[in-house]
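Nothing in this text is a laboratory measurement; each read-out follows from the coordinates by a stated rule. Since we're looking at a predicted model, the values are computed, not measured.
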Amino acid sequence: MEANTFAAELLLPKKYVVEHIRKANLSMKFIEGLAEHYETTFTSAAIATVKAYNDEAILVCHKNGTKIWSCNSQECFYTITKSIYAPNKNGIVNANL
């Protein structure tokens, strides 16, 4: 997590990510395109996107439904405390908070 957070902050400056967010709808495809454009990992691009997002957003890394780590946008005051995840067809995860 620390390496991806560092890469997100170094390779994907917030002001550039915000510009990309303004031009598109957030999706997994958006994050893949951001990672490709800045030649970084999907995880780094996802972290940078969540941290730059101007609304409530949480990124959760989990294995078999158990949270490994998470990061929140500045506007999000929720914390993931339970390990129940149900991804929908778009890859978006609904979690018990």
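Phi angles across segment 34-46 convert, under the Karplus curve 6.51 cos²θ - 1.76 cosθ + 1.60 with θ = phi - 60°, into 3J(HN,Hα) values of 5, 4, 5, 4, 9, 6, 10, 6, 4, 4, 4, 5, 5 Hz, Gly and Pro given as x. Taking θ as phi - 60° and the Karplus parameters 6.51, -1.76 and 1.60, the scalar couplings of segment 57-64 work out to 8, 10, 10, 10, 9, 9, 10, 6 Hz in sequence order, x denoting glycine and proline.
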